[in-house]
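Asker: A single structure is presented below for examination.
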Ligand code: BG6
């Protein structure tokens, strides 16, 4: 049997950071526990701080605290980690890094396989990639793959510049751009719902679907990330990446096979069919909001590092059009926001109503809900006969939910994506072409908004703990629709 063990050296840029400690080290540990990483791996953590290896090991052990009771196992895992203080602009530091990388390659028999993980500000990506190449850190006898964290650019122009810089060192198939939503179980399940079930496959088009609703609501506020969020806003933070990836998976045509190439081709076609709005259309089809205080929560403008007159949006709702043969005419409503009523990530596919022929009453729409978080599964709302005497129709729900045992076996998004990168599987990563279309769509909205000169008192326009501004409901009401999910 082929071993599942992967052999590689990870070089973590941003190795002291929050993301590394909260997500990446636990993900590596889970891969270790499941046997994907064993003896033949090592990690070099780099950042500016002058940490010792011992201190780094403590950090690693803390990061995985709670994932094991076995201290010997935790220590054995941490012993694979090495810390190298590093200034990304200083070429001499890359020489030290190179020496350490070669030493570890020999010590752990890593066969020249390297993963460079860029978990720091994108403004350094170009410099790092450039030095990795010029200072000879890339190996010639294994693979060299780069994993890039979001945000990938600020608009189309900056994303392109970033991509061009990375492309000087890494070819497209070695670039793994993280969108952690693509690592979620139920996001991956969208393709099986659509292409493994003749019933859904037959109905997945404008003849049967009335509209699609995508909700990514969060109950949390901006927490300690307000500095970043002020420059991003909900549109860049959630729509450009996670929401558009979901829209794409829902509206793409069937791929020729379940391969990264064939799927990417169809995803790109779906993005090409996404209508880029004029400023007038942006006004008609997009709503933005910002949360104000509630009894228990402070307003966005009162958060640390947020300007008192900030016009950054913490909520977006919109109506999208994907103009391919199957989806032309089907409104795709999206919404996302901070400090909403609940944390819920879900898709509601609303089917057309049956005509009132057999039954006089107006029947409810059938709705297929794909629940991504927090309770992964799918459910269907159907019209059924009310049990008992007489004949009345009522709505009934049938559902499939992952059991606790199944959920325990589902890898966390980062664990899944890092293993994909180790295996060279690009399917669950965003390609440059996908990003380029998504940024062009987004830029049109951002530019229209920027030209609007919103007055200071336009925000706040929704209260913490609600489902966003009223205008988000009106957006659907204009079409005779309503949000299926009310929080
Ligand atoms: C991130 C955003 O990409 O996704 C955050 O930057 C957001 O602002 C997060 O909170 C939501 O992810 P999840 O997996 O909790 O839905």
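Asker: Among the residues that make up the stretch 69-77, is at least one of them outside any helix (DSSP H, G or I) and surrounded by fewer than 20 Cβ atoms within 10 Å (Cβ to Cβ)? Show your work before the answer.
Answerer: Here is the first cut: in the stretch 69-77, the ones outside any helix (DSSP H, G or I) are 69-70.
Subset that is surrounded by fewer than 20 Cβ atoms within 10 Å (Cβ to Cβ): 69-70.
Scanning the stretch 69-77 turns up at least one residue that is outside any helix (DSSP H, G or I) and surrounded by fewer than 20 Cβ atoms within 10 Å (Cβ to Cβ).
Asker: Look at the stretch 78-96 and say how many of its residues are in contact with a strand residue (DSSP E or B) (Cβ under 9 Å, 6 or more places away or on another chain) and either crowded, with 20+ Cβ neighbours inside 10 Å or not in a helix (DSSP H, G or I) (or both).
Answerer: At the first step, the residues of the stretch 78-96 found to be in contact with a strand residue (DSSP E or B) (Cβ under 9 Å, 6 or more places away or on another chain) are 80-86, 88, 93, 96.
From what's left, either crowded, with 20+ Cβ neighbours inside 10 Å or not in a helix (DSSP H, G or I) (or both): 80-86, 88.
Within the stretch 78-96, residues that are in contact with a strand residue (DSSP E or B) (Cβ under 9 Å, 6 or more places away or on another chain) and either crowded, with 20+ Cβ neighbours inside 10 Å or not in a helix (DSSP H, G or I) (or both) number 8.
Asker: Being under 17 Å from residue 418 (Cα atoms) and outside any helix (DSSP H, G or I) narrows it down to one residue among 23, 38; which is it? Outline the logic, then answer.
Answerer: On the way: 23 fails: outside any helix (DSSP H, G or I).
None of the other options fit; the residue is 38.
Asker: One residue is enough: does the stretch 419-438 have a residue meeting the conditions more than 23 Å from residue 246 (Cβ to Cβ) and in a helix (DSSP H, G or I)? If you could, list the steps in order and put the result at the bottom.
Answerer: First, pick out the residues of the stretch 419-438 that are more than 23 Å from residue 246 (Cβ to Cβ): 422-424.
Next, from what is left, pick out any that are in a helix (DSSP H, G or I): 422-423.
Yes, because at least one residue in the stretch 419-438 is more than 23 Å from residue 246 (Cβ to Cβ) and in a helix (DSSP H, G or I).
Asker: Quick check on this structure: which one of 454, 422 is touching a residue at least 40 places away in the same chain (Cβ under 8 Å), closer than 30 Å to residue 271 by Cα and surrounded by fewer than 16 Cβ atoms within 10 Å (Cβ to Cβ)? If you could, list the steps in order and put the result at the bottom.
Answerer: On the way: 422 fails: surrounded by fewer than 16 Cβ atoms within 10 Å (Cβ to Cβ).
Checking each option against the conditions leaves just 454.
Asker: Among (1) out of contact with any strand residue (DSSP E or B) (no Cβ under 7 Å at 6 or more places or on another chain); (2) closer than 20 Å to residue 34 by Cα, where does residue 74 come up short?
Answerer: If we test residue 74 against (1) out of contact with any strand residue (DSSP E or B) (no Cβ under 7 Å at 6 or more places or on another chain); (2) closer than 20 Å to residue 34 by Cα, just (1) comes out false.
Asker: Here's another thing I want to ask about it. Here is a check on your reading of the model: is residue 435 more than 30 Å from residue 6 (Cβ to Cβ) and either out of contact with any helix residue (DSSP H, G or I) (no Cβ under 8 Å at 6 or more places or on another chain) or surrounded by 12 or more Cβ atoms within 10 Å (Cβ to Cβ) (or both)? Write out each step before concluding.
Answerer: Values: more than 30 Å from residue 6 (Cβ to Cβ): no; either out of contact with any helix residue (DSSP H, G or I) (no Cβ under 8 Å at 6 or more places or on another chain) or surrounded by 12 or more Cβ atoms within 10 Å (Cβ to Cβ) (or both): yes.
Here the answer is no, as residue 435 does not meet what is asked.
Asker: Take the residues in the stretch 332-351 that are crowded, with 21+ Cβ neighbours inside 10 Å and in a loop (DSSP other than H, G, I, E, B); name whichever of them is farthest from the ligand (Cβ to nearest atom).
Answerer: The selected residue is 339.
Asker: Whether any residue in the stretch 271-282 is at pLDDT 95 or above, under 14 Å from residue 434 (Cβ atoms), more than 16 Å from the ligand (Cβ to nearest atom) and surrounded by 21 or more Cβ atoms within 10 Å (Cβ to Cβ) is what I want to check. Talk me through it step by step, then tell me what you get.
Answerer: If we filter the stretch 271-282 for residues that are at pLDDT 95 or above, which is where we start, we get 271-282.
Then drop every residue that is not under 14 Å from residue 434 (Cβ atoms), which leaves 271-274.
Filter once more, keeping what is more than 16 Å from the ligand (Cβ to nearest atom): 271-274.
Subsequent filtering for residues that are surrounded by 21 or more Cβ atoms within 10 Å (Cβ to Cβ) retains 271, 274.
Yes, there is a match, as at least one residue in the stretch 271-282 is at pLDDT 95 or above, under 14 Å from residue 434 (Cβ atoms), more than 16 Å from the ligand (Cβ to nearest atom) and surrounded by 21 or more Cβ atoms within 10 Å (Cβ to Cβ).
Asker: Could you please let me know if residue 33 is modelled with pLDDT of 95 or more and surrounded by 13 or more Cβ atoms within 10 Å (Cβ to Cβ)? Full working, then the answer.
Answerer: Numbers: modelled with pLDDT of 95 or more: yes; surrounded by 13 or more Cβ atoms within 10 Å (Cβ to Cβ): yes.
In short, yes.
Asker: Hey, another quick one. Within the stretch 468-482, track down each residue that is crowded, with 19+ Cβ neighbours inside 10 Å and closer than 18 Å to residue 312 by Cα. Working first, answer last.
Answerer: Our first condition is that a residue be crowded, with 19+ Cβ neighbours inside 10 Å; within the stretch 468-482, this holds for 468-469, 472, 475-476.
Hits for the stretch 468-482 are 468, 469, 472.
Asker: Here's another thing I want to ask about it. Name the helices (runs of 4 or more DSSP H) wholly inside the stretch 135-220 in which the number of residues that are within 20 Å of the chain's Cα centre (by Cα) and either within 16 Å of the ligand (Cβ to nearest atom) or surrounded by 15 or more Cβ atoms within 10 Å (Cβ to Cβ) (or both) is 3 or more. Even if it seems obvious, please write down each step before you answer.
Answerer: Numbers: elements: 156-167, 185-195, 198-203.
Ranges flagged: 156-167, 185-195.
Asker: It is to be established whether one or more residues within the stretch 376-389 are assigned to a strand (DSSP E or B), within 30 Å of residue 229 (Cα to Cα), within 13 Å of the ligand (Cβ to nearest atom) and at pLDDT 95 or above.
Answerer: Here is the first cut: in the stretch 376-389, the ones assigned to a strand (DSSP E or B) are 377-385.
Checking which are within 30 Å of residue 229 (Cα to Cα) leaves us with none.
No.
Asker: Further question: Within the stretch 222-255, which residues are near the ligand (Cβ under 10 Å from one of its atoms) and either over 26 Å from residue 192 (Cβ atoms) or out of contact with any helix residue (DSSP H, G or I) (no Cβ under 8 Å at 6 or more places or on another chain) (or both)?
Answerer: Answer for the stretch 222-255, where residues must be near the ligand (Cβ under 10 Å from one of its atoms) and either over 26 Å from residue 192 (Cβ atoms) or out of contact with any helix residue (DSSP H, G or I) (no Cβ under 8 Å at 6 or more places or on another chain) (or both): 222, 223, 225, 228, 229, 232, 234, 236, 237, 238.
Asker: Moving on to the next point. Determine if the stretch 306-315 includes at least one residue that is away from the ligand (no atom under 16 Å from the Cβ), under 20 Å from residue 452 (Cβ atoms) and touching a strand residue (DSSP E or B) at 6+ places or on another chain (Cβ under 7 Å).
Answerer: No, the stretch 306-315 has no match at all.
Asker: In the stretch 377-392, what residues are in contact with a strand residue (DSSP E or B) (Cβ under 6 Å, 6 or more places away or on another chain) and farther than 17 Å from residue 351 by Cα? Full working, then the answer.
Answerer: In the first step, residues of the stretch 377-392 are kept if they are in contact with a strand residue (DSSP E or B) (Cβ under 6 Å, 6 or more places away or on another chain); the result is 377-384, 386.
Passing the criteria: 377, 386.
Asker: For the stretch 372-385, state whether one or more residues are more than 33 Å from the chain's Cα centre (by Cα) and surrounded by fewer than 11 Cβ atoms within 10 Å (Cβ to Cβ).
Answerer: Our first condition is that a residue be more than 33 Å from the chain's Cα centre (by Cα); within the stretch 372-385, this holds for 383-385.
Filter once more, keeping what is surrounded by fewer than 11 Cβ atoms within 10 Å (Cβ to Cβ): none.
No - not one qualifying residue is present in the stretch 372-385.
Asker: Which of the residues spanning the stretch 403-418 are in a loop (DSSP other than H, G, I, E, B) and under 21 Å from the mean Cα position of the chain (by Cα)? Before you say what the answer is, go through the steps one by one.
Answerer: Within the stretch 403-418, the subset in a loop (DSSP other than H, G, I, E, B) is 403, 410-412.
Residues satisfying the conditions are 410, 411, 412.
Asker: Another one. Under 19 Å from the mean Cα position of the chain (by Cα), in a loop (DSSP other than H, G, I, E, B) and surrounded by fewer than 20 Cβ atoms within 10 Å (Cβ to Cβ) - does that describe any residue in the stretch 302-325?
Answerer: no
The values are calculated or read from the model by the stated rules, or taken from the named source; none is laboratory data. All values derive from a computational prediction rather than experimental measurement. Every residue, glycine as well, gets a Cβ built from its backbone with ideal geometry; the counts of neighbours run over all protein chains shown.
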